[in-house]
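Beneath this line is the structure, given in structure tokens, with notes to follow.
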Amino acid sequence: MSPALPISAAKKDETSTRINAIFAPLADEKSPGMAVLVRKNGRKIFECGYGVRDLRTLAPIDAQTDFRLASFTKQFTAMATMLLVRNGKLRYDETLADLFPDFPAYGRSITIRQLLTHTSGLPDYDDYLMRKAENVKGTIWTADHQIQDEEVLRLLKEASSGRFPPGTSWAYSNSGYVLLGVIIAKVSGEPFGQFLQERIFGPLHMSNTLVYMRGRNVVPNRAYGFTKEGDKFIETDQSPTSATLGDGGIYSNLEDLAKWDDALESHRLLSKDEMAAALTPVKLADGSQPHWPAEPGEDNLNPGKPVLYGFGWFLDPYHNHTSMWHSGSTMGFRTMIDRFTEDKLTIIILSNRTDLDPTKLALQTADVCLRQQ
């Protein structure tokens, strides 16, 4: 798939050559790789696939290759939540006690807004899952017997305390977004994936994007995930937590995500005013700016540092360039979307291997593109 650059010939050659130089050394025709899209002013200026979807068929990665988005999914879960709020089916101040009357005391006052902004204090279901497994002989959940959304809800109901009182601190929470997926299904009366199909994917003609549920639907042009061990790639496509939906269950591709980018720019799903809440950095209950937890952890990208987060989007600027972005990381996959809104620049990287850092690669690409302005 060759890059397409509808800009002046001299700038086209320089830009495409420099972007390609970032990615070309990272994958070959016999290795997992990545799909890269760069858009400027709503037009594609670079698009290329590197490497293969899987090591069995060696089918090349292209713009139609579907990758597991991992936490990139959260922006779609947030959008679905906001659509329900607009329609009067939910309120941002609605609490878990309103939605789940039997939810334990530690979380009854948690609001929809706090779930969206990672200020709920819910326990991390991954950690709780591991502790639960350690208390019994053998493993409860495996790659073949994966934990489901309703089981996450049950684990959260079994917990006796959260990480912190709601609204008093910030900690990245997959639990919160799994719970949002459950709430979307409960309030809409439709399965999470069906609601997203009817309200987001269908209207935007994202025809190959779906919420994957093993045994119930099929991912078209599917990329399988890999981990590099030594000089070999081992298929690591699914984990015990790969079946949860709202925190990371969507598969998509460059072709469809370009339509998503257009919809965000044109406010196709929500007006500018309605979208503003998603792009407003959260403040804690005392009015202070939140920080990443001080203790290092797998989902803790910047221990102890300030964080700007809205609804499903990080909002930290890059060298004074306004940015809304989200990365995704799960067994076998790494993903990234970075939208430099004032510069009208969007960079999307989808990778089916875990030894690459799409966040770093996106910023390297941004450096090339922003210098060309």
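Restricting attention to the stretch 210-224, does a residue exist that is at pLDDT 95 or above, of a type in the set (Phe, Trp, Tyr) and assigned to a strand (DSSP E or B)? Checking the stretch 210-224: not a single residue is at pLDDT 95 or above, of a type in the set (Phe, Trp, Tyr) and assigned to a strand (DSSP E or B). Of all residues in the stretch 51-62, those being in contact with a helix residue (DSSP H, G or I) (Cβ under 9 Å, 6 or more places away or on another chain) and either without any contact (Cβ under 8 Å) to a residue 40 or more places away in the chain or crowded, with 20+ Cβ neighbours inside 10 Å (or both) number 1. Checking the stated criteria, Arg353 turns out not to satisfy the condition of being under 14 Å from the mean Cα position of the chain (by Cα) and surrounded by 14 or more Cβ atoms within 10 Å (Cβ to Cβ).
Hey, among the residues in the stretch 130-166 that are of a type in the set (Asp, Glu) and surrounded by fewer than 14 Cβ atoms within 10 Å (Cβ to Cβ), which one's modelled with the lowest pLDDT? Per the stated criteria, the residue is Glu134.
Six or more apart or on different chains, Cβ under 8 Å: which pairs go from a residue in the stretch 224-248 that's under 13 Å from Leu69 (Cα atoms) to one that's part of a loop (DSSP other than H, G, I, E, B) and aromatic (Phe, Trp, Tyr)? Could you list them? What qualifies is Asp237/Tyr224. Residue check: Asp13 meets all listed conditions (1) of a type in the set (D, E, K, R); (2) at pLDDT below 95; (3) under 23 Å from Asp261 (Cβ atoms) but one, namely (3).
Being touching a Leu at 6+ places or on another chain (Cβ under 7 Å), under 16 Å from Asp247 (Cβ atoms) and among the hydroxyl-bearing types (Ser, Thr, Tyr) is a description that applies to Thr81. Filtered by the rule that a residue be among the aliphatic types (A, V, I, L, M) and at pLDDT below 95, the stretch 314-373 gives Met331, Leu370.
Taken over the stretch 94-104, the residue count meeting the criterion of being among the charged types (D, E, K, R) and either buried (at least 16 other Cβ atoms within 10 Å of the Cβ) or touching a residue at least 60 places away in the same chain (Cβ under 8 Å) (or both) is 1. When Asp286, Asp299, Asp338, Asp316 are checked against the criterion of being loosely packed, with under 14 Cβ neighbours inside 10 Å and acidic (Asp, Glu), a single residue qualifies: Asp286. Any residue at all in the stretch 39-51 that is under 30 Å from Lys186 (Cα atoms) and modelled with pLDDT of 95 or more? No, every residue in the stretch 39-51 fails to be under 30 Å from Lys186 (Cα atoms) and modelled with pLDDT of 95 or more.
Taking the criterion of being among the polar types (S, T, N, Q), within 19 Å of Val38 (Cα to Cα) and outside any loop (DSSP other than H, G, I, E, B), the residues of the stretch 290-339 that qualify are Ser327, Thr335. Scanning the stretch 169-199 for residues that are assigned to a helix (DSSP H, G or I), aliphatic (A, V, I, L, M) and either within 30 Å of Ser288 (Cβ to Cβ) or under 18 Å from the mean Cα position of the chain (by Cα) (or both) turns up Val178, Leu179, Leu180, Val182, Ile183, Ile184, Leu196. Restricting the first member to the stretch 352-372 and to residues that are under 25 Å from Glu235 (Cβ atoms), and the second to residues that are of a type outside the set (Gly, Ala, Ser) and part of a helix (DSSP H, G or I), the beta-carbon pairs closer than 8 Å and six or more apart or on different chains are Leu356/Leu26; Leu361/Ile22; Leu361/Phe23. Any chance the stretch 64-82 includes a residue that's more than 30 Å from Glu150 (Cα to Cα) and over 18 Å from the mean Cα position of the chain (by Cα)? Within the stretch 64-82, one or more residues are more than 30 Å from Glu150 (Cα to Cα) and over 18 Å from the mean Cα position of the chain (by Cα). Filtered by the rule that a residue be among the aromatic types (Phe, Trp, Tyr) and assigned to a helix (DSSP H, G or I), the stretch 227-284 gives a lone residue, Trp260.
Within the stretch 70-93, being touching a Ser or Thr at 6+ places or on another chain (Cβ under 8 Å) and either over 29 Å from His267 (Cα atoms) or surrounded by fewer than 18 Cβ atoms within 10 Å (Cβ to Cβ) (or both) holds for Lys89, Tyr92, Asp93. Pairing each residue of the stretch 175-192 that is on the phi > 0 side of the Ramachandran plot with any residue that is not β-branched (Val, Ile, Thr), provided the two are 6+ apart or on different chains, yields C-beta distances under 9 Å for Gly189/Phe195.
The values are calculated or read from the model by the stated rules, or taken from the named source; none is laboratory data. Keep in mind that this is a model prediction, so the values were computed, not measured. FYI the Cβ positions are ideal-geometry reconstructions off the backbone, even for glycines, and counts take in every protein chain you see.
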